[in-house]
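One structure is given here, and the rest of the page talks about it.
The values are calculated or read from the model by the stated rules, or taken from the named source; none is laboratory data. A quick note: this is a predicted structure, and the numbers were derived from the prediction, not measured. Don't worry about glycine lacking a Cβ; one is built from the backbone with ideal geometry, like all the others, and counts go over all protein chains shown. Please note that ligands, DNA and RNA were not included when accessible areas were found on the heavy atoms of the full protein model with its side chains. Shrake-Rupley method; radii C 1.70, N 1.55, O 1.52, S 1.80 Å.
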Amino acid sequence: MRHIISILLENEPGALSRVVGLFSQRNYNIESLTVAPTEDHTLSRLTITTVGDDRKIEQITKHLNKLVDVVKLVDLTEGAHIERELMLIKVKATGAQRDEVNRTADIFRAQIVDVTSTIYSIQVVGTSAKLDAFLAAINGITILEVARTGVSGVSRGEKVLSV
Amino acid sequence: MLIRALHDEGVELIYGYPGGAVLHIYDAIFNQDKVEHILVRHEQAATHAADGYARATGRPGVVLVTSGPGATNAVTGIATAFMDSIPMIVISGQVDSSLIGSDGFQETDMVGISRPIVKHSFMVQNPADIPNIVKKAFYIATTGRPGPVVIDIPKDVTDPSKKFKYSYPESVKLRSYSVPAKGHTGQIKKAVEILLAAKRPILYTGGGVIQGEGSALLTELTQKLGYPITNTLMGLGAYPATDKQFLGMLGMHGTYEANMAMHFSDVVLGIGVRFDDRVTNTISKFCPGAKILHVDIDPASISKTVAADVPIVGSVTSVIEDMLELIKSSDTKIDRKALDLWWKQIDGWREKDSLKVVPAENDVIKPQQVIQCLYEITNGDAYVSSDVGQHQMFAAQYYKFDKPRRWINSGGLGTMGFGFPAAMGVQLAFPDAVSVCVTGEGSFQMNLQELATCLQYNLPVKIVCLNNQALGMVKQWQDMQYGGRYSHSTYAESLPDFIKLAEAYGHVGMRIEKLSELKQKMTEAFALKDRLVFIDVMVDPMEHVYPMAIKGGSMKDMILSKTERT
Ligand SMILES: Cc1ncc(C[n+]2csc(CCOP(=O)(O)OP(=O)(O)O)c2C)c(N)n1
Ligand SMILES: [Mg+2]
């Protein structure tokens, strides 16, 4: 199963490498990773998506918790949550394709953020699945470049991850 | 400032080796007399000596090395300590802050290199941070599941011309690090009920009991219950080996009765153990009929390999104390009849006498006889540090440790070269105690340069070398699994004369070749109380360690001798 683990990490040099190192050292895989400081500049928030059965995920969270730099973490997929990922995608768009791309972008509530006579740059925001679906939908259009941020997320409702 | 902080932390001894990046620190050492520095002859030995000191005393070992090669030489010792959860502080010099990242002379990324083998690490950026970082490092290294902590210090940070107002913090608080204290009462209650209702129970305990200072309580619990107990290689001494409830060590080279009792038990109480593959044999066949109760301070150790039915996270002492209380107040009475039957079954297994020594012919010495002799002449009361190989297993099997912290060996990493420097660290911790290193001629050659250190500091370590003229453990596997093809495991024709070697370093060397002389000569050697004696005992080179677990089997599957298996 796919899990989204959100971590509050001390904003210290070397902290990120400890988290990433743990995954490679213990043979866990990282599907995506995002990291940036939070409103409190001594803390970074890290979101990792990974796959594994319950046992593996339990081990991953236990080992992450053992890292001295990890202040707190939550497995967002354990409860209701909101996940978002942002994708910038640059496609070739000429002639009839321009309309087609436009329509597809509309359907996905994507925005065309840059235009040249032959190229569209599009921004898509949503779950990773939605981003995948968008890529599938423009199948047939020449993709020049894709940049995805990886998943970020929060729990729904009252539940918060904070110190 | 660094040395002052170490002193304020209560450090009396550090093991180290100087170099460019730590010269300011060495100058500070020169100018004081509170912290004693021991000059080793190789940084790896500094880490093992500090490790031996820590295992014997329970206090953290402290190491000081220079940048680059000094730091990388320390890596094996850090990994050794990490695998066995030994508290250690390694201070490594680093090039000037301004040079970091430039591939400067003797620059290595020590924080990076050591990352997977430390509990935590620090890179000091400001001189004023030193006291705080030292305090934090000791706190992290010694609490919870202990482990090594690296402090990497760029040379400019220790520059004495950089003054700051020094004050050593009294305590530390880390928002991201907490130490589990008491176990969950509900869980402990549940475990106690299962334990009391058991018909074929066994206690399986390990290094965590020793590290957690839980030996006395464990002994009380075990004797109150009247249940059988087995220790891991790391846990020897946590329960008195001469007591009748003790079944010996379990695992790959454990006794027949310990492994059989584990396999056929209905309740296993694991305390301070990690269900290591050298214990469990094939996980899917492990203790098929048993409920697993697992107590450990490290949540990540629980259900890592074997799923626990009742996991309890907490310190060994607090959990056992709670258990003792709950046993007193519980209405469940131990089923004495079932327990009697269980002990009868165990006594049947004991009759196999799996550690029976069959004497050789022609006055040839069996390695097991050397350990038996050592046990006798030291009255079972020595500190025994071991290297890695057959001799290590013989020492674990035949030296009956009644006290914790007497058996000092590299269990998790299995580091050849560990034993001698560790014995040196033990001797420095306890100058009047008998510190023995049981080694093989292979392992000893990995850190023999420390003979010089022992001369310099008058350390009368007794080195008992079970000389089988081969990398015996490797050769044993080649005998058993590779048709006796001894690929690079023998070197009889090129062994040094260890007697002359010991003498060249200013020590005493002694060779024993006949069984009939063993006891008398060993006694002579140990009578030389103030001298380091290298005792080169020529033993039967064809001997194997038995019992031995059969790969792919369960714990009851063992090879018992060259001709017998279960
Ligand atoms: C540093 C290191 N290298 C290799 C090994 C693999 N190894 C395990 S036991 C052993 C043989 C040890 O020989 P010796 O010290 O003579 O002990 P014996 O088994 O003969 O008693 C070897 C090579 C190891 N454990 N550590
Ligand atoms: Mg040997």
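Determine if region B:405-414 includes at least one residue that is closer than 30 Å to B:Val436 by Cα, crowded, with 18+ Cβ neighbours inside 10 Å, of a type in the set (A, V, I, L, M, F, W, C) and within 16 Å of ligand 2 (Cβ to nearest atom).
No, every residue in region B:405-414 fails to be closer than 30 Å to B:Val436 by Cα, crowded, with 18+ Cβ neighbours inside 10 Å, of a type in the set (A, V, I, L, M, F, W, C) and within 16 Å of ligand 2 (Cβ to nearest atom).
Select from region B:271-283 the residues that are within 14 Å of chain A (Cβ to nearest Cβ) and more than 21 Å from the chain's Cα centre (by Cα) and list them in ascending order.
B:Ile283
What's the total number of residues in region B:287-322 that are more than 14 Å from every other protein chain (Cβ to nearest Cβ), touching an Asp or Glu at 6+ places or on another chain (Cβ under 6 Å) and open to solvent by less than 30 Å² (accessible area, probe 1.4 Å)?
Matching residues across region B:287-322 total 2.
Every residue in region A:17-34 that is open to solvent by 70 Å² or more (accessible area, probe 1.4 Å) and away from every other protein chain (no Cβ under 14 Å), please.
A:Glu31
Looking at region A:67-92, I want the residues that are within 24 Å of A:Met1 (Cβ to Cβ) and have a partner that is among the acidic types (Asp, Glu) with Cβ atoms under 9 Å, at least 6 apart or on another chain. Which pairs are those?
Every condition considered, the pairs that remain are A:Val70/A:Glu10; A:Leu76/A:Glu83; A:Thr77/A:Glu83.
Which of (1) aromatic (Phe, Trp, Tyr); (2) over 24 Å from B:His42 (Cβ atoms); (3) away from ligand 2 (no atom under 13 Å from the Cβ) is the odd one out, the single condition B:Tyr486 does not satisfy?
Exception for B:Tyr486: condition (3).
Quick check: anything in region B:190-203 assigned to a loop (DSSP other than H, G, I, E, B) and open to solvent by less than 40 Å² (accessible area, probe 1.4 Å)? It would help to see each step written out before you state the result.
Kept after step one, since they are assigned to a loop (DSSP other than H, G, I, E, B), are these residues of region B:190-203: B:197-200.
Filter again for open to solvent by less than 40 Å² (accessible area, probe 1.4 Å), leaving B:198.
Yes: region B:190-203 contains one or more residues that are assigned to a loop (DSSP other than H, G, I, E, B) and open to solvent by less than 40 Å² (accessible area, probe 1.4 Å).
Conditions: (1) over 21 Å from the mean Cα position of the chain (by Cα); (2) open to solvent by less than 10 Å² (accessible area, probe 1.4 Å); (3) within 14 Å of another protein chain (Cβ to nearest Cβ); (4) not polar (S, T, N, Q). A:Gly14 meets all but one. Number of the miss?
Evaluating A:Gly14 over (1) over 21 Å from the mean Cα position of the chain (by Cα); (2) open to solvent by less than 10 Å² (accessible area, probe 1.4 Å); (3) within 14 Å of another protein chain (Cβ to nearest Cβ); (4) not polar (S, T, N, Q) leaves (2) as the failure.
State which residue pairs qualify: first residue assigned to a loop (DSSP other than H, G, I, E, B) and inside region B:414-435, second residue of a type in the set (Asp, Glu) in any location, beta carbons under 8 Å apart, and separation of 6 or more residues or different chains.
As it stands, the answer is B:Met416/B:Asp387; B:Gly417/B:Asp387; B:Phe418/B:Asp51; B:Phe418/B:Asp387; B:Val434/B:Asp381, since those pairs meet every condition given.
For region B:460-483, which positions are within 12 Å of ligand 2 (Cβ to nearest atom) and either under 21 Å from the mean Cα position of the chain (by Cα) or on the phi < 0 side of the Ramachandran plot (or both)?
We begin by selecting, within region B:460-483, every residue within 12 Å of ligand 2 (Cβ to nearest atom); these are B:465-476.
The answer is B:Cys465, B:Leu466, B:Asn467, B:Asn468, B:Ala470, B:Leu471, B:Gly472, B:Met473, B:Val474, B:Lys475, B:Gln476.
Within region B:342-359, identify whether any single residue is buried (at least 21 other Cβ atoms within 10 Å of the Cβ), more than 23 Å from the chain's Cα centre (by Cα) and not aliphatic (A, V, I, L, M), and answer yes or no.
Taking every residue of region B:342-359 in turn, at least one turns out to be buried (at least 21 other Cβ atoms within 10 Å of the Cβ), more than 23 Å from the chain's Cα centre (by Cα) and not aliphatic (A, V, I, L, M).
Which residue, of B:Ser114, B:Ser92, B:Ser102, B:Ser121, is part of a strand (DSSP E or B), more than 30 Å from B:Ser318 (Cβ to Cβ) and of a type outside the set (Phe, Trp, Tyr)? Steps first, please.
On the way: B:Ser114 fails: part of a strand (DSSP E or B); B:Ser102 fails: part of a strand (DSSP E or B); B:Ser121 fails: more than 30 Å from B:Ser318 (Cβ to Cβ).
Only one candidate qualifies: B:Ser92.
Give region B:448-478 a look and list any residue that's surrounded by fewer than 19 Cβ atoms within 10 Å (Cβ to Cβ) and within 12 Å of ligand 1 (Cβ to nearest atom), or say none.
B:Gln469, B:Val474, B:Trp477
What pairs come out if I take residues in region B:228-241 that are part of a helix (DSSP H, G or I) and pair them with residues that are open to solvent by less than 20 Å² (accessible area, probe 1.4 Å) and of a type in the set (Asp, Glu) whose C-beta lies under 9 Å away, six or more apart or interchain?
B:Met234/B:Asp84
Going by the structure shown, is B:Ser554 out of contact with any strand residue (DSSP E or B) (no Cβ under 9 Å at 6 or more places or on another chain) and either surrounded by 17 or more Cβ atoms within 10 Å (Cβ to Cβ) or at pLDDT below 95 (or both)?
Working: out of contact with any strand residue (DSSP E or B) (no Cβ under 9 Å at 6 or more places or on another chain): yes; either surrounded by 17 or more Cβ atoms within 10 Å (Cβ to Cβ) or at pLDDT below 95 (or both): yes.
Yes: the conditions hold for B:Ser554.
When region B:250-268 is examined, which residues are found to be touching a Leu at 6+ places or on another chain (Cβ under 7 Å) and either open to solvent by 10 Å² or more (accessible area, probe 1.4 Å) or assigned to a loop (DSSP other than H, G, I, E, B) (or both)?
Correct list: B:Gly251, B:Thr255, B:Tyr256, B:Glu257.
I need the full set of residues from region A:23-74 which are in a loop (DSSP other than H, G, I, E, B) and either closer than 15 Å to A:Thr149 by Cβ or hydroxyl-bearing (Ser, Thr, Tyr) (or both), in order please.
If we filter region A:23-74 for residues that are in a loop (DSSP other than H, G, I, E, B), which is where we start, we get A:26-31, A:38-42, A:52-53, A:67-69.
The answer is A:Tyr28, A:Ile30, A:Glu31, A:Thr38, A:Thr42.
Residue under question is A:Ile82, and the condition is that it be within 30 Å of A:Leu144 (Cα to Cα) and modelled with pLDDT of 95 or more; does it hold? Before the answer, list the steps.
Working: within 30 Å of A:Leu144 (Cα to Cα): yes; modelled with pLDDT of 95 or more: yes.
So A:Ile82 fits the description; yes.
Going by what's in this entry, would B:Val438 be described as over 25 Å from B:Tyr17 (Cα atoms), open to solvent by less than 10 Å² (accessible area, probe 1.4 Å) and within 12 Å of ligand 1 (Cβ to nearest atom)?
Against the criterion (over 25 Å from B:Tyr17 (Cα atoms), open to solvent by less than 10 Å² (accessible area, probe 1.4 Å) and within 12 Å of ligand 1 (Cβ to nearest atom)), B:Val438 qualifies.
Considering only region B:269-281, state which residues are open to solvent by less than 20 Å² (accessible area, probe 1.4 Å) and either touching a helix residue (DSSP H, G or I) at 6+ places or on another chain (Cβ under 7 Å) or over 15 Å from B:Pro201 (Cβ atoms) (or both).
Those that are open to solvent by less than 20 Å² (accessible area, probe 1.4 Å) and either touching a helix residue (DSSP H, G or I) at 6+ places or on another chain (Cβ under 7 Å) or over 15 Å from B:Pro201 (Cβ atoms) (or both): B:Leu269, B:Ile271, B:Gly272, B:Val273, B:Phe275, B:Val279, B:Thr280.
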